[in-house]
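Read through the structure below, which is laid out as structure tokens, and then see the notes.
We did not get these values from a lab; they are worked out from the coordinates using the rules stated. Keep in mind that what you see is a predicted model, and the values were worked out from it rather than measured. Note that each Cβ is placed from the backbone with ideal geometry, even for glycine, and that neighbours are counted across all protein chains shown.
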Amino acid sequence: MKEIKPSMKKYKWPVMGAIMVLVAMLSLPAQAQQDSKQEGKVIDQVVAIVGKSIVLQSDIENQYLSYRMQGGIEGTEKEMKCQILEGILYQKLMVAQAEVDSLSVDEVQVAGEIERRLSSFINQFGSQEKMEQYYGKSLAEIKAELHDMVQDQLLAQKVQQGIIGKVTVTPSEIRNYFKSIPKDSIPLIKTEYIIRQIVQKPPINIEEKLRVKKQLLELRKRILNGESFATLAILYSEDPGSAKKGGELGYYGRGQLYPEFEAAAYKLKPGEISDVVETKAGYHIIQMIDRRGDYINVRHILISPKVSPLDLQKAKLKLDTIVKEIRSDSITFDQAVEKYSDGTNKNSGGYLLNPQTGGTEFEGDQLPAEVSFTINKLKPGQISNPVPFKTEDQKDAFRLLYLEKKIPPHRADLKTDYSRIEQWALQDKQRKAIDNWINEKAQNTYIKIIPEFRTCQFKHHWLH
């Protein structure tokens, strides 16, 4: 269900970025395991020990073969496996530190994270059955195999956040960082756009709201009379993420769901069904599946009221009038935003915010296709005619798009790209903080690596 899941920003770990999160989270499917045996490779020996934890050859082989299957190999096989090992060593070191610091993660939190990851896996495969067939394991076996990996990753995230959470950069550090970049290595910034909008969101009429509530009350009655909630969710729910799973969301804690949804859900006992609940997404009925402490697993049926074609046309006509006023200089764009816009960014001048950076600049490939299509027809200072779009809560609306600025390709500089350079400087300082932490902790932790891997060109000081 859109917006039910929280958005999470992850900091990439310093040793080979993506590898650090153990992309190969599951043992390879049966055919790939058979292929590795035919290659005559030893996959069942201890490669390294970090504190009380061991690293198996199979841990490295699984990740390496997974990357090879995905075409993600860079460098030689030996170099790749050395980098994979260093990523695992880093995670094991953080888990060891978590034990020293008495850090823990709730078992329900682990179960919830497993459910979310499995949901993603199932979506990629198309069905649970296809996923089980691919890995040659039942869903229960896959969950069991993921458990310790996910638990360790959540612990490692806690430790890593403790390392970088308080790292900040001052203006002088930002300038010094930029000066340290060799001139021929200063990144080339692609063409960027700064865009503003005026939004008209037609209201949902009362008749439509009543229709949706009546439909949900009828579904609730059918469930109370013995029909399956899950079956009706598959048939009627408009939440694409959960409908095909019978409306089940998986485990969530407090503060992760819409407030109105959460308030109703936490009052339910297992098997109970809520009355109709309204949120930004629409109207729901909710059934409690299970509660473990502050974590709940529920299923729901979502139906969203629709904007009437007549109200949508009225919104377009209003924007037609507004754009004529702006083009005739009867009103400025700033005044029009303040007076007319229904957009959530009205108070910030109507600027579109780049979800990837948090700034107002967009590279061409970062723009939604419909925005790019419209903006490419405009010159800086020009405004579009009304264009249809879907709001964040997937409601039909119209908007005017205004191209405030088009920044041509250029080498990054402090005047134009200060916020971007600030982020680079912060990431560099965070990386150094992690590097220092690894080198310090590695010297004070029992670490043993077999001779075959002691020749690796590690980035950090694991050998002592």
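Side notes on the structure shown:
- Approximate spin-label separation residue 450-residue 147, in nm, with each point projected 7 Å along Cα-to-Cβ: 2.7 nm
- Length released on extending from residue 423 to residue 99, taking residue separation times 0.36 nm less the Cα-Cα span: 113.5 nm
- Counted by Cβ distance under 14 Å from residue 82, the other residues give a net charge of -3, where Lys and Arg count +1 and Asp and Glu count -1.
- Loop-located trypsin sites (Lys or Arg not before Pro) in the range 212-272 (DSSP state other than H, G, I, E, B) with a sparse environment of at most 14 neighbouring Cβ atoms within 10 Å: 254, 267.
- Listed residue pairs exceeding 29 Å between alpha carbons, taken from 143/280; 52/158; 179/432; 201/269: 143/280; 201/269
- When the Cα positions of 401, 380, 355 are compared along the charge dipole of the range 333-406, 380 comes out farthest toward the positive end, with charges on each C-beta of Lys, Arg, Asp and Glu.
- Net length gained if the chain between residue 79 and residue 205 were fully extended (0.36 nm per residue, minus Cα distance): 39.1 nm
- For the pair residue 373 and residue 342, the difference between a 0.36 nm per residue extended length and the Cα-Cα distance amounts to 8.9 nm.
- Modelled spin labels at residue 272 and residue 390, positioned 7 Å past Cα toward Cβ, are 3.4 nm from each other.
- Our Cα-only numbers for the range 206-303 put the radius of gyration and Dmax at 12.4, 40 Å.
- Centre separation in Å (Cα based) which lies between the range 172-211 and the range 67-146: 32 Å
- Under 11 Å, Cβ to Cβ, from residue 389 - net charge with Lys/Arg +1 and Asp/Glu -1: +1
- Residue 221-residue 120 pseudo-label distance in nm [points 7 Å out on the Cα-to-Cβ vector]: 4.3 nm
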